Structure formats: structure tokens, C-alpha cells
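See below for the structure under consideration.
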2 protein chains.
Amino acid sequence: MRIGELAERAGTTPRTLRYYESLGLLPPADRAGNGYRSYGEEHLRMLEQIRTLQEYGFGLEETRPFVECLRAGHPAGDTCAASLAVYRSKLAEIDAWVERLTAVRAEVAAQLLRAEREAGAEADAGVRPGAEPLCELTAALDGSGRHEEGTPPQ
Amino acid sequence: MRIGELAERAGTTPRTLRYYESLGLLPPADRAGNGYRSYGEEHLRMLEQIRTLQEYGFGLEETRPFVECLRAGHPAGDTCAASLAVYRSKLAEIDAWVERLTAVRAEVAAQLLRAEREAGAEADAGVRPGAEPLCELTAALDGSGRHEEGTPPQ
DNA sequence: GTAGACCTTGACGTACGCGTCAGGGCCAGC
DNA sequence: GCTGGCCCTGACGCGTACGTCAAGGTCTAC
């Protein structure tokens, strides 16, 4: 199987496979006479392992023990001790993030409440009836919940 | 106040202040006769606003409305509508992250349990008493809960 | 007058996971 | 033999928030 086919079957791109190989994450593929990379089914299995972990938010380096485990001949990539250790540390990491996010959420919610009250007071102190905004920014951007953000973890 | 003093009072570095200015996030400082930047207390207030939001995990661009609000003369940076909108979208973003992390956590925990069982079965299927590891990786890396990770959000 | 601490701009480095372009070779079908 | 689709390597680009180095000017104290 050539690189394009493997990439398609794994739902990724040739560029990505070459990148993994350059990292030493995937073992170097055999080469056909013309220099083209030649892959087997075991490569597909490794790739699927990597992609699954990636979807869970694992970094590429974190997937390495899983791939090594498969390369060592294990039927599954996650039954080696190193893989289990990565699972466990990922759980701890997620817990830490959730804890942090929860604390931040509470703090931001509190600030929002306070700011909303202050904004009301500020407006009342200004022009009473008519609701003239104090700065031109007040006109734009209201409504909540759209907006996109930089890469969320996981 | 010169750049070094402001940086120190804000708990940051001169490089950071020049960077903010280059982004147009901080207004360009006045210049002394020798070309040195000259800052006032209002710059300190803007910087403190930025730093606080940064600690909550806001990106620099997300702090912009708060700084603009201060620049517009408001006593607080978060009483303008644009700032409130950022607060609200940040809350939504945090909620989305927590949701995703919680789902991933459950999935990883399930995989860990399964893998632990399979690892046990694999070991039993091999050498019964003596527990010889199947791959040399099994020897290294056990124990859970240490390990550091790339920038957590927030 | 000179050492040392401050300031200036400009530019490259970092981590991550590739996308994309440049410049070329290989092979099948018409 | 020519077009089109695949493959190759090498190298730069992206986004984020600066750190760090280079090469120089400025000011204070001794």
C-alpha cells in the first residue's frame, strides 16, 4: 500500500504520515524500487491508535508508548505499562484542568455579575432616560454565546 | 515612569510592554527627550487589567475591549458592553471545554480499565508464575500522577 | 573618562502539528 | 510521446506570547 492509500484509509494525509515518520513515531516504511513508501496493515493499526488518542487530546509524544507497544507485537497498543501510565497521567491532567476551569468559571461569573451591576449604575449616573451609551463600543457586540476560541485542549 | 519601572510594578517585563504596544493593545507611550518611553498611572491600570484576564486564560485579543474601555475613560475596564460580551462568551467557552473534558475523561477511564484487564490477561497467558514482561517497555515507567503537560487552557 | 545600568529597534527562536509551495521523478492510459 | 495523477525531498508559513540576542545610544556615579 502506498502512502496516499494508507493516508486515506486512516483519514489523514500523506504529509502527516511523512511527518510522523520524521519524528520516529511511525517506523520508516519499506521502499519500493522507485523509492515510493510501501506500507502494510500494521501501519494502519498504529495510525488508528495515534488518531484515536489525538482525538482525545493526547499530544503526539504521548502516543509514542502506544505505538511502541504495537511495534513490540502486542495485540493492543495500550496494554503495556508505559501506555497505562500515559492514560493515568492524562486522567490526572484532565482533572487538574477541570478543577482550574471550574474555579475560573466561578471567578468570571462573579466578575460578570459585578460588572453588569456597575454598568447599570454607570448608565443611571449618566443620562437618565434615553440610555445614551458612554462609549461608542457600547453600541457594538452584544448577545452572548457565539465567538470562537483558540485550540481547546482535548 | 520608564518602561522598566512600569514593568516591575505590573509584574512583567519591558519586552512584554513593547510587545503590547506593537499590537496596539497599549496606547503608544509618550517619549522623553532621549527617546525613552514615559508612562503614567493609567498605563498601570490597563496592564493590571490585562494581566488579570491573562491569568484567567483570556487571550490578548480578548483583553482588548477591556483596555479600550479603560482608555475611553470608564473607571472599570469591564463595564462596557463589549467587555461584558467577552465575559459571557468566555463562560460559554469554559462550559464547552468542561463538557468535552468530562466526556474524554470518561472515555479514557474506560479505556484504562479495559487495558488493565487485558494487560493482566496477556500476562497470565504468558509465563504464569514469575511475571516476565512481554516487552522491555513494561519494565520502565509505572506509577501514576506525575508528568507535566503542554499549556492547559485557563 | 569610564563602568554599569538603563533604554532603543530589529530580528530570530520557541512549541505543535501539520499545510503548502517549489522543483523534480515515476507510471498508466490514450 | 504526452497528459495527469501519484510520489519524492526540502523548506517556509501559521498562531500565541513573548525570550533572547545583537548592536547601539543615554545617563549616573565614581
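The values are calculated or read from the model by the stated rules, or taken from the named source; none is laboratory data. Worth saying up front: this structure is predicted, and the values here are computed from it rather than measured. Cβ coordinates were reconstructed from backbone atoms using ideal geometry, including for glycine residues, and neighbour counts include every protein chain displayed. Just so you know, the surface numbers come from the protein's heavy atoms only, side chains and all, with ligands and any DNA or RNA stripped out. Shrake-Rupley method; radii C 1.70, N 1.55, O 1.52, S 1.80 Å.
Some observations on this one:
- Residue in the stretch A:16-25 that is in contact (Cβ under 8 Å) with a residue 40 or more places away in the chain and either open to solvent by less than 20 Å² (accessible area, probe 1.4 Å) or near DNA strand D (Cβ under 9 Å from one of its atoms) (or both) present: yes
- Hey, residue B:33 at pLDDT below 95 and open to solvent by 20 Å² or more (accessible area, probe 1.4 Å) or not: yes
- Criterion: surrounded by 18 or more Cβ atoms within 10 Å (Cβ to Cβ) and within 23 Å of residue A:122 (Cα to Cα) - qualifying residue of B:84, B:6, B:44: B:84
- Condition met for residue A:39 (over 24 Å from residue A:94 (Cα atoms), open to solvent by 20 Å² or more (accessible area, probe 1.4 Å) and not assigned by TED's automatic domain parsing to the domain that holds residue A:94): no
- Scanning the stretch A:28-65 for residues that are among the aliphatic types (A, V, I, L, M) and farther than 18 Å from residue A:82 by Cβ gives A:29, A:32, A:44, A:47.
- The stretch A:28-44 - residue that is away from DNA strand C (no atom under 13 Å from the Cβ) and closer than 14 Å to residue A:7 by Cα and, of those, nearest to the other protein chains (Cβ to nearest Cβ): A:42
- Here residue A:6 meets the list (1) free of Cβ contacts under 8 Å to residues at least 40 places away in the same chain; (2) within 9 Å of DNA strand D (Cβ to nearest atom) almost entirely, failing just condition (1).
- Residue satisfying condition, being within 15 Å of DNA strand C (Cβ to nearest atom) and more than 14 Å from chain B (Cβ to nearest Cβ), within set A:25, A:60: A:25
- Among the conditions (1) in contact with a Ser or Thr (Cβ under 9 Å, 6 or more places away or on another chain); (2) assigned to a helix (DSSP H, G or I); (3) more than 24 Å from residue B:103 (Cα to Cα), residue A:15 misses just one, which is (1).
- Residue match in the stretch A:100-108 (condition: within 8 Å of another protein chain (Cβ to nearest Cβ), under 23 Å from residue B:98 (Cα atoms) and over 21 Å from the mean Cα position of the chain (by Cα)): yes
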